Amino acid sequence: MRDILTVSFNPALDISTSVEEVRPDIKLRCDRPRYDPGGGGLNVARAVSILGGHAMSFIALGGGTGEALRQLVAAEGIPILTYPAPGETRHSFAVEDRTTGHQFRFTLPGPVWSPDDLARAVAAIDRATPEGAVVVLSGSGPLGAPASLYLDIMTALADKSPEVIIDTSGTALSKVAAGGVARPHVLRMDDEEAAGLAGKPMASRRDAADFAEALVVKGIADRVIVALGADGSVMADGARRLHVTAPKVPVRSKIGAGDSFVGAFALSLARGDDDAEALRLGATSAAAAVMTEGTELCRASDVEALLPQAVLSEV
């Protein structure tokens, strides 16, 4: 099995709770909170661990919140390589309205990174990356970072021949989708992000597959995955256009579903599985994650039970 390295510039201490009803201008008394490590790359590493794999997480931490987050990660047994963030680690919290079942999610900003901060961190990531590793770059990146940050990291790692998975949004996604000297092995996005890039909605699986294939043909990535929510995901790799169904599950919280998908996909790649099987495991892990409450990720037992429902077909 190959090494897996995930990168978290902007992790968060995730807090989740619930109230009877979310109403304005009154004191809302919350249930006992749940605390979890959070942030794209860190959650991906946690999902890998839950599914029986091993991933190292490069994580930038700062202040008292950063120390609290480090202790939570240590309690889960996730191996981490800590890096000093230029400020206090952020919080993120989710509140469920028990009357309606709606979930309200609040994400606070993290510290602002200077060009020198980023240059030193990229050099540290380069030193930490094993030859031929699966490297996961997820999340929108830290404040102060250029949109090209993930492309810059891929360029820095080029001599290590990694297989890079990028799962991002906003200007960072637009920059990757515009192409560069380096290209990721896998680029993943959801249907809304794909629609923003394409300038039209992903009204069907075929629309999503056409868009994903067009990016592969342009040389943007070796494989492009578009997540379609309850309708599963599509993937194009230049030779195949595959759709995987999403197992039907009760939805408790959508937090961590995308990270669970990426963690499962990365683990499959590291094991040497076929991409189609990686797609199945990813979709199943995402479905398992929405079954859990608050900020909890997928559970291995749920993934095993749901996997037969993840059915592949050509688009």
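The values are calculated or read from the model by the stated rules, or taken from the named source; none is laboratory data. Just so it is clear, the structure is predicted and the values come from calculations on it, not from any experiment. For neighbour counting, all protein chains shown are included, and Cβ atoms are generated from backbone atoms with ideal geometry for every residue, glycine included. To get the accessible areas, we keep the full protein, side chains included, count just its heavy atoms, and leave off ligands, DNA and RNA. Shrake-Rupley method; radii C 1.70, N 1.55, O 1.52, S 1.80 Å.
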Task: Cα convex hull volume per residue for the chain (Å³) - done: 135 Å³
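Out of all DSSP beta bridges with both ends in the range 131-262, state the antiparallel percent to the nearest 5.
The antiparallel fraction comes to roughly 40 percent.
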TODO: List the DSSP H helices in the chain whose Cα atoms stretch 24 Å or more along the helix axis and whose mean Kyte-Doolittle hydropathy is at least 1.0.
DONE: none
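If you place +1 on the Cβ of every Lys and Arg and -1 on the Cβ of every Asp and Glu, how big does the dipole about the Cα centre of the range 43-152 come out, in debye to the nearest 20?
So the dipole magnitude of the range 43-152 works out to roughly 200 debye.
Per the 1.4 Å probe, what fraction of the accessible area of the range 226-315, in percent, lies on carbon and sulfur atoms?
53 percent
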- [ ] Using a cut-off of 11 Å between beta-carbons, work out the net charge of the residues near SER285 (Lys and Arg +1, Asp and Glu -1, SER285 not included).
- [x] -1
TODO: Calculate how many DSSP beta bridges within the chain are antiparallel, expressed in % of all such bridges and rounded to the nearest 5.
DONE: 40 percent
TODO: Please work out the FRET efficiency for the pair GLU76 and ARG252, using the Cβ-Cβ distance as r and a Förster radius of 30 Å; give the result to the nearest 0.05.
DONE: 0.90
Open item on the list: Solvent-accessible area of THR171, probe 1.4 Å, all protein chains present, reported in Å² to the nearest ten, please.
Closed with: 100 Å²
TODO: Please quote Rg/Rh for the range 73-205 to two decimal places, taking the Kirkwood radius as Rh and restricting both calculations to Cα atoms.
DONE: 1.01
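Roughly what percent of Cα-Cα pairs across the range 224-277 reach past 19 Å?
Percent of Cα pairs beyond 19 Å in the range 224-277: 31.
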Open item on the list: At q = 0.18 Å⁻¹, what log₁₀ I(q)/I(0) does the range 1-160 have when each alpha carbon counts as one equal point scatterer in the Debye sum?
Closed with: -1.08
TODO: Run through all the Cα pairs of the range 163-298 and give the fraction in each 5 Å bin from 0, expressed as whole percent.
DONE: 2, 12, 21, 24, 22, 13, 5, 1, 0
Task: For the range 29-101 and the range 273-315, distance of Cα centres in Å - done: 21 Å
Task: Solvent-accessible surface ranking, highest first, for SER253, SER161 at 1.4 angstrom - done: SER161, SER253
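Give me the extension gain from THR99 to ARG120: residue separation times 0.36 nm, minus the current Cα-Cα distance, reported in nm with one decimal.
Result: 2.8 nm gained on full extension.
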Open item on the list: Please compute the per residue accessible area over the range 1-126 with all protein chains in place, 1.4 Å probe, rounded to a whole number of Å².
Closed with: 49 Å²
Task: Rg [Å, one decimal], Dmax [Å, integer] - the range 16-69, C-alpha atoms - done: 16.0, 46
Task: 23 Å Cα cut-off, lysine pairs counted over the chain (separation 8 or more, or different chains) - done: 4
Open item on the list: With a 1.4 Å probe and all protein chains left in place, how much accessible area per residue does the range 177-287 have, in Å²?
Closed with: 39 Å²
TODO: Quick one: compute the contact order of the chain, relative version, from alpha carbon pairs under 8 angstrom and 6+ residues apart, as a percent.
DONE: 17 percent
Open item on the list: Suppose every Lys and Arg Cβ carries +1 and every Asp and Glu Cβ carries -1, with no other charges. What dipole size does the range 221-315 come out with about its Cα centre, to the nearest 20 debye?
Closed with: 200 debye
- [ ] Quote the FRET efficiency, to the nearest 0.05, computed for ALA230 versus SER174 with a Förster distance R0 of 35 Å and r equal to the Cβ-Cβ distance.
- [x] 0.85
Open item on the list: Using a 7 Å offset from the Cα along the Cα-to-Cβ direction at both ARG2 and SER161, what is the distance between the two label points in nm, to one decimal?
Closed with: 1.0 nm
